[in-house]
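The values are calculated or read from the model by the stated rules, or taken from the named source; none is laboratory data. Here the structure is a predicted model, which means the values were calculated and not measured. We place every Cβ from the backbone using ideal geometry, glycine too, and count neighbours over all the protein chains shown.
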Amino acid sequence: MRSLGDFRSGRPGSYPDQAVYAEYACAELGLAFADIDGGTGLVFSVASTTKSIHFGAGRCSWYPQNNATASTLASDKYFTNKILERAGVPTLGGEYFFLHQRHRAHRPSGHERENALEYFRKLGVSAFVKPLLGSRGDFAQALHGEAALIRYLDEVARYYDSILIQPVVSGIEHRIFVLDDEVAYSARKYPPFVLGDGGRTIRDLLAAHNEALRSHGLSPAAVDGDASLDIVLPSGARWEIPGRMNLSAGGTMVLETPRPELAAYALAKRAAKALGLRVAAVDMFTELTGDPHAMAIIEVNSNPSIRLLEQSGRDDLILKIWRHTFSAMGLLGV
Ligand SMILES: Nc1ncnc2c1ncn2[C@@H]1O[C@H](COP(=O)(O)OP(=O)(O)O)[C@@H](O)[C@H]1O
Ligand SMILES: [Mg+2]
């Protein structure tokens, strides 16, 4: 039997993870994988003897067992909060605002740029701000002071049409991956960091870090102008970058159970169910603002990457998730 590594080897960095995993799962489960784009992995089919379905990379859903309505509700961080709050699931709250005049006639009043400033002041001119439909931590950052918000709105308006503004909170961050009534795995997220080489300053190391993010289409790390950035970081020393902890933004994820485990799992499952998702990566803070029992959902991902499992050698879990997908689509067990 070929291992997952065999399916990965020789692929360019741009080759979609999910095409690697699907091909591996097909080999394990006796299904036929066929690339239909000359080997790019961008569009492919998976077939049993009686049925065939297609998958696409990029913004396509990798989890056809999630219906389109549930997935799009989860992609909107405000809709998600409304639905979760109704189900008694704590969220980080917040209000949404539009950055362009386009489509103004389609929306209720109170969601324009000037309203964003008013709300920001209400929060004490300090808030966590993110694109309403964002992902991978792009432009997800804390902002302090009106000037910072105005700069942010101008910059983000080039890429997104709306944002969510919410209070800045602190806690221990976990991702709980829910598969119907089960938790497939959970991981703790740690902040990104730059690693000292004994020669470069933190500022220089951050510049290199930001350049790598930019080439992946991600906003730079948000670090306040601070004199301490000019110190040379000793070789091997880590300097943690505050804010977003996304894996895509250089964060680290480690398979680790949350505390309190059962309560966190129950909350994650409740969130997935409320949104109508069969597959969901529920991101939450535990120990919210230092209270060991307080938890809140950050967001719910309906199309989560599972690269962490490959990096952690958990091919078994990748297979479990794809078995669920294939079974749900009638490619297995019928
Ligand atoms: N209100 C907040 N206060 C503090 N940190 C936050 C807050 N909201 C999000 N974060 C951090 O930013 C990251 C990205 O935010 P998230 O809402 O998950 O957006 P994205 O869809 O870009 O991942 C989170 O994983 C978390 O580390
Ligand atoms: Mg997120």
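Details
- Residues in segment 154-183 that are hydrophobic (A, V, I, L, M, F, W, C) and either free of Cβ contacts under 8 Å to residues at least 12 places away in the same chain or within 13 Å of Ala266 (Cα to Cα) (or both): Ile176, Phe177, Val178, Leu179, Val183.
- Residue match in segment 173-192 (condition: under 20 Å from Gly94 (Cα atoms) and either away from ligand 1 (no atom under 16 Å from the Cβ) or part of a strand (DSSP E or B) (or both)): yes
- Condition check for Asp180: surrounded by 14 or more Cβ atoms within 10 Å (Cβ to Cβ), at pLDDT 95 or above and at positive phi: yes
- For Leu288: the one exception among (1) within 13 Å of ligand 1 (Cβ to nearest atom); (2) under 17 Å from the mean Cα position of the chain (by Cα); (3) hydrophobic (A, V, I, L, M, F, W, C): (2)
- Candidates Phe79, Phe97: the one that is part of a strand (DSSP E or B) and either of a type in the set (Phe, Trp, Tyr) or within 24 Å of Thr286 (Cβ to Cβ) (or both) is Phe97.
- Matching residues in segment 189-222 - criterion: being touching a Leu at 6+ places or on another chain (Cβ under 8 Å) and not small (Gly, Ala, Ser): Lys189, Val194, Leu195, Asp197, Arg200, Thr201, Ile202, Arg203, Leu205, Leu206, Pro220
- Selection of segment 144-165 for residues being touching a Pro at 6+ places or on another chain (Cβ under 9 Å) and either near ligand 1 (Cβ under 8 Å from one of its atoms) or not in a loop (DSSP other than H, G, I, E, B) (or both) yields Val156, Ser162, Ile163, Leu164.
- Considering residues of segment 285-333 that are in contact with a strand residue (DSSP E or B) (Cβ under 6 Å, 6 or more places away or on another chain) and over 27 Å from Gly58 (Cβ atoms) only, the residue nearest to ligand 2 (Cβ to nearest atom): Phe285
- Annotation: Ala70 fulfils all but one of (1) closer than 14 Å to Val300 by Cβ; (2) part of a strand (DSSP E or B); the unmet one is (2).
- Taking the criterion of being polar (S, T, N, Q), more than 15 Å from ligand 2 (Cβ to nearest atom) and not in a strand (DSSP E or B), the residues of segment 108-143 that qualify are Ser109, Asn115.
- Boolean, Val232 is surrounded by fewer than 18 Cβ atoms within 10 Å (Cβ to Cβ) and either of a type in the set (A, V, I, L, M) or away from ligand 1 (no atom under 16 Å from the Cβ) (or both): yes
- Here is the figure for segment 40-65: residues that are crowded, with 20+ Cβ neighbours inside 10 Å and either touching a Gly at 6+ places or on another chain (Cβ under 6 Å) or under 25 Å from Tyr96 (Cα atoms) (or both) total 0.
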